[in-house]
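Step one of this worksheet: look at the structure below.
The values are calculated or read from the model by the stated rules, or taken from the named source; none is laboratory data. Please read these numbers as outputs of a predicted model, since none were measured by experiment. In this analysis, Cβ positions are derived from the backbone assuming ideal geometry, glycine residues included, and neighbour counts consider all displayed protein chains.
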Amino acid sequence: MRLVKNFCRWTVPLLLALPRPILAAETPVRPNVVFIISDDHAWADYGFMGHPHLQTPNLDRLAAQSLTFERGYSPVPLCRPSLASIVTGLYPHQHGVTGNDPTLPDKSVNAMAARGNPMYARYYDTIVENFRRRPNFVRDLVSRGYLALETGKWWEGDPVKTAGFTHAMTQGEAKGSRHGDLGLDIGRKGLEPIYRFIDQAGGKPWLVWYAPMLPHAPHTPQPDLLQKYLKVAPSEPVARYWACVEWFDRTCGELLDHLDQRGLRTNTLVIYTTDNGWIQDPAKTNRFASRSKLTPYEGGVRTPIMVSWPGHVKPRLDKEHLASNVDLWPTLAALLKTPLPEGLPGINLTDARAVVKRGRVFGEQYAHNIADVDAPTRSLEHRFVIDGWWKLVVPVAGTVTNARPELFNLQDDPWEKTVLAAKETGLARWLCRQLDAWWAPPASEPTESSRKPQSRAVSATPAANSEEVPVETLIYKRTADRELKLFLDKPADWKPTDKRPAIVFFFGGGWVGGSPAQFLKQSQYLATRGMVGVRVEYRTIPKGDAGPPTLCCADAKSALRYVRAHAAELGIDPQRIAAAGGSAGGHLAAFTALVKGLDDPQDDLTVSCRPNALVLFNPVFNNGPGQWGHARVGDRYQEFSPAHNISRDAPPTVVFLGNQDKLIPVPTLGEFEARMKQACARCEAHVYPGAGHGFFNRDSAQGAWFTMTLIEADKFLTSLAWLTGEPTLKATQP
């Protein structure tokens, strides 16, 4: 009963500490919706993002009222495909709009100006059709009774015909325009069309698409703002751009103030993002610098993302987790409680659990013009993935001169000045695999991920169930005559930035034989449950040597120290490492936890070798007089015997034993359990009738002992809050 009470006392605070969805309990189904989309706007160019000179008081106010993600991303760093991704919730390779303009057969014709030329209509129409046939949130809301107004940037022809808006400033085909025609007046010439639309909605719910051509070039700002920034900017081109940023901010303030004045703000959901980034060229007006727009770097793809709905979305500034523009429709649908089309890649950003669980975002970068409208991904130049604080940029072979994969640590290097791919080769390869698992363009040459790795090799090993369990081999120790290895069994969705529980297995064999493969199935099963399984190779006692297992014990401690010291790169939580083993391997696991001394002189003793839990299968953990192993250790048994070194800091332990075991009598287990309880340490014992030594290795006609012991091990680890849910194995009676 003591254990049950303590378990409840420990786990209730833990459950309360888990992130919760941010939505309030009551959510009206038909709020008004405003999308504010900045155009060519750098991620750092806001007051709330810490810019030393730029003032954006209205966007700062909106950020304070919003669930704001500082680490938001556009999946593509170019206007047209980015806007298409916002509306459809798809990546460019999914919706087929990958560039701003088509490549025309006559190279002398300017593709940006030939939209109305019937000779080239097919090239433009094909791109628009790619967009039109995809579902989008505008058409979805209109089907549910919303009015919808388009203003500002719009590339896909007539917004009413191609997206389902009920009202639009942009005329599209009627004007032969490229990206907005009359709609581009919004913001620069006031907001009256929006005010009129809202005032005439007649009580119906409405959607406003506010995508002004600001701070996009031409950088012709309001005179007072230009004079303001000429005093602090390093050059006039920069001052012009900064002034356009604050001009855009003013228009956002006017729009939000209008909602307040009409009493509409509390029933209006506002979502803010940017189509792509921008870094102003300090020497040339209206020109962007390198590593910004049209590139996969932070200056091209990063943007703050905001979701604001007073009383329904709790304001919070998230500086750590990732958001993407492909998440905006799923977020909108969750707030409005409307269904989504199948297959959308995004998540609901107001679901904190989903945000934490995802962990990574992806993106792609194309040439400005689509090389082949019938195969739009052929213009691909880069793919990128951001996983936690790590970012990998992978070029497409033949499209970028002298380019190689680039790895950055964004936490230490937010402007991507230091390339770490050569230093962190294992991480770079792993991220390449994540990119290919997300999307591997068929026309591109193989990335590094699809070639056989040359170090830390991943080999194909049969898994314990249908899920793939990657196996990795590491050298944890070098002795005078050999290298000792660890065999890692990882979850299929493992990543280096994880902090997963781990379990370290030691094989049995009387300290004189055995193989790390003994616990392969147990390790792989627990990997499918979310743990990192580690199987240890250690030195056994040479044939003819009757001495104690000194080297075995030293190697066991070295292995635990290696795992803990390298926990960060192994994706392991150093405070959730279990040791496990069978027979002599069970002795070694218990030895690392309970017995001091016999450390390898080359070990770093500042790193603890003590596991945080023990999972022991018929362990020979008592080496005292009359017990197994005493013949080897003799009078030194207290230096080796875990049962004689139990203290109050012993970790939680589960032990499995057969009542027919001829090496470890059941009373020996009873004595161990009593000593653990006397030390106030948790010890859970399972005795299996009819089972002999080594029973846990397999299921047999006498009992499904492999399955049963593994299920109980799973439950034990779940009781520690290391695993969640029920075991996925099922026991069968013989």
Lys715 is checked against (1) out of contact with any strand residue (DSSP E or B) (no Cβ under 6 Å at 6 or more places or on another chain); (2) part of a helix (DSSP H, G or I); (3) surrounded by 18 or more Cβ atoms within 10 Å (Cβ to Cβ) and fails just one. What number does that condition carry? (3)
Candidates Val393, Val355 - the one that is of a type outside the set (Gly, Ala, Ser), crowded, with 16+ Cβ neighbours inside 10 Å, not in a loop (DSSP other than H, G, I, E, B) and not assigned by TED's automatic domain parsing to the domain that holds Leu328: Val393
Among the residues of segment 254-301, which ones are in contact with a Leu (Cβ under 9 Å, 6 or more places away or on another chain), of a type outside the set (Gly, Ala, Ser) and within 24 Å of Gly363 (Cβ to Cβ)? Ile271, Tyr272, Thr273, Asp275, Asn276, Phe288, Lys293, Leu294, Glu298
Can you tell me which residue within segment 369-383, out of those that are within 16 Å of Thr295 (Cα to Cα) and not hydroxyl-bearing (Ser, Thr, Tyr), is surrounded by the most Cβ atoms within 10 Å (Cβ to Cβ)? Ile370
Among the numbered conditions (1) surrounded by fewer than 19 Cβ atoms within 10 Å (Cβ to Cβ); (2) of a type in the set (A, V, I, L, M); (3) in contact (Cβ under 8 Å) with a residue 60 or more places away in the chain; (4) under 27 Å from Pro339 (Cβ atoms), tell me where Ala113 comes up short. (4)
Among the listed residues Thr497, Thr528, identify the single one that is out of contact with any helix residue (DSSP H, G or I) (no Cβ under 7 Å at 6 or more places or on another chain), surrounded by fewer than 20 Cβ atoms within 10 Å (Cβ to Cβ) and touching a residue at least 60 places away in the same chain (Cβ under 8 Å). Thr497
Determine whether Tyr91 is of a type in the set (Phe, Trp, Tyr), in contact (Cβ under 8 Å) with a residue 24 or more places away in the chain, farther than 16 Å from His41 by Cα and out of contact with any Leu (no Cβ under 9 Å at 6 or more places or on another chain). yes
Test each condition in (1) modelled with pLDDT under 85; (2) buried (at least 17 other Cβ atoms within 10 Å of the Cβ); (3) not aliphatic (A, V, I, L, M) for Glu537 and report the one that comes out false. (1)
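One line per residue, one yes/no per condition, for (1) out of contact with any strand residue (DSSP E or B) (no Cβ under 9 Å at 6 or more places or on another chain); (2) over 22 Å from Ala613 (Cα atoms); (3) surrounded by fewer than 21 Cβ atoms within 10 Å (Cβ to Cβ):
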| residue | (1), (2), (3) |
| --- | --- |
| Ala643 | yes, no, no |
| Ala650 | no, no, no |
| Val655 | no, no, no |
| Gln678 | yes, no, yes |
Go through (1) surrounded by 18 or more Cβ atoms within 10 Å (Cβ to Cβ); (2) closer than 26 Å to Glu639 by Cβ one by one and return the number of the condition Gly547 breaks. (1)
Within segment 286-305, restricting to residues that are part of a strand (DSSP E or B) and of a type in the set (Ser, Thr, Tyr), the one that is nearest to Gly346 (Cα to Cα) is Thr303
Scan segment 568-579 residue by residue and report those that are crowded, with 21+ Cβ neighbours inside 10 Å and within 23 Å of Arg478 (Cα to Cα). Leu570, Ile572, Ile577, Ala579
Flag if Pro651 is touching a helix residue (DSSP H, G or I) at 6+ places or on another chain (Cβ under 8 Å) and in the same structural domain as Cys553 (by TED's automatic domain parsing): yes
State whether the residues of segment 94-107 include one that is surrounded by 21 or more Cβ atoms within 10 Å (Cβ to Cβ) and touching an Asp or Glu at 6+ places or on another chain (Cβ under 7 Å). no
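Residue by residue, here is whether (1) surrounded by 22 or more Cβ atoms within 10 Å (Cβ to Cβ); (2) closer than 25 Å to Asp140 by Cα holds:
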position: Leu184; (1), (2): yes, yes
position: Asp199; (1), (2): no, yes
position: Pro205; (1), (2): no, yes
position: Ala211; (1), (2): yes, yes
position: Leu214; (1), (2): yes, no
position: Glu236; (1), (2): no, no
position: Ala239; (1), (2): yes, no
position: Glu246; (1), (2): yes, no
Among the numbered criteria (1) assigned to a loop (DSSP other than H, G, I, E, B); (2) at pLDDT 90 or above; (3) in contact with a Leu (Cβ under 8 Å, 6 or more places away or on another chain), which single criterion is violated by Phe408? (1)
Just to be sure, is Thr350 over 15 Å from the mean Cα position of the chain (by Cα), closer than 24 Å to Phe137 by Cα and in a loop (DSSP other than H, G, I, E, B)? yes
So if I check each of Gly277, Gly299, Gly311, which one is over 22 Å from Gly152 (Cβ atoms) and buried (at least 23 other Cβ atoms within 10 Å of the Cβ)? Gly299
Restricting to segment 188-201, give me the number of residues that are part of a helix (DSSP H, G or I) and touching a residue at least 60 places away in the same chain (Cβ under 8 Å). 4
Counting only residues that are more than 31 Å from the chain's Cα centre (by Cα) and not assigned by TED's automatic domain parsing to the domain that holds Arg178, give me the helices (runs of 4 or more DSSP H) lying completely in segment 70-152 with at least 2 of them. 121-132
Met119: passes all of (1) more than 27 Å from Pro31 (Cα to Cα); (2) surrounded by 18 or more Cβ atoms within 10 Å (Cβ to Cβ) but (2)
For the list (1) in contact with a strand residue (DSSP E or B) (Cβ under 9 Å, 6 or more places away or on another chain); (2) surrounded by 21 or more Cβ atoms within 10 Å (Cβ to Cβ), I need the number of the one condition that Asp661 fails. (1)
Looking only at residues in segment 232-285 that are among the small types (Gly, Ala, Ser) and in a helix (DSSP H, G or I), which one is farthest from Thr303 (Cα to Cα)? Ala239
Pairs needed: first member in segment 612-641, crowded, with 24+ Cβ neighbours inside 10 Å; second member anywhere, among the hydroxyl-bearing types (Ser, Thr, Tyr) and in a loop (DSSP other than H, G, I, E, B); C-beta distance under 9 Å; at least 6 residues apart or different chains. Phe617/Ser583; Asn618/Ser583; Pro619/Ser583; Val620/Ser583; Phe621/Ser641; Asn622/Ser641; Asn623/Ser641
Mind listing whichever residues of segment 487-524 are in a helix (DSSP H, G or I) and over 30 Å from Thr425 (Cβ atoms)? Gln518, Lys521, Gln522
Tally of residues being surrounded by 14 or more Cβ atoms within 10 Å (Cβ to Cβ), without any contact (Cβ under 8 Å) to a residue 40 or more places away in the chain, under 44 Å from the mean Cα position of the chain (by Cα) and more than 19 Å from Gly585 (Cα to Cα) across segment 680-704: 5
Give me the residue from segment 202-220 that is in a loop (DSSP other than H, G, I, E, B) and small (Gly, Ala, Ser) and, out of that set, nearest to Gly152 (Cα to Cα). Ala217
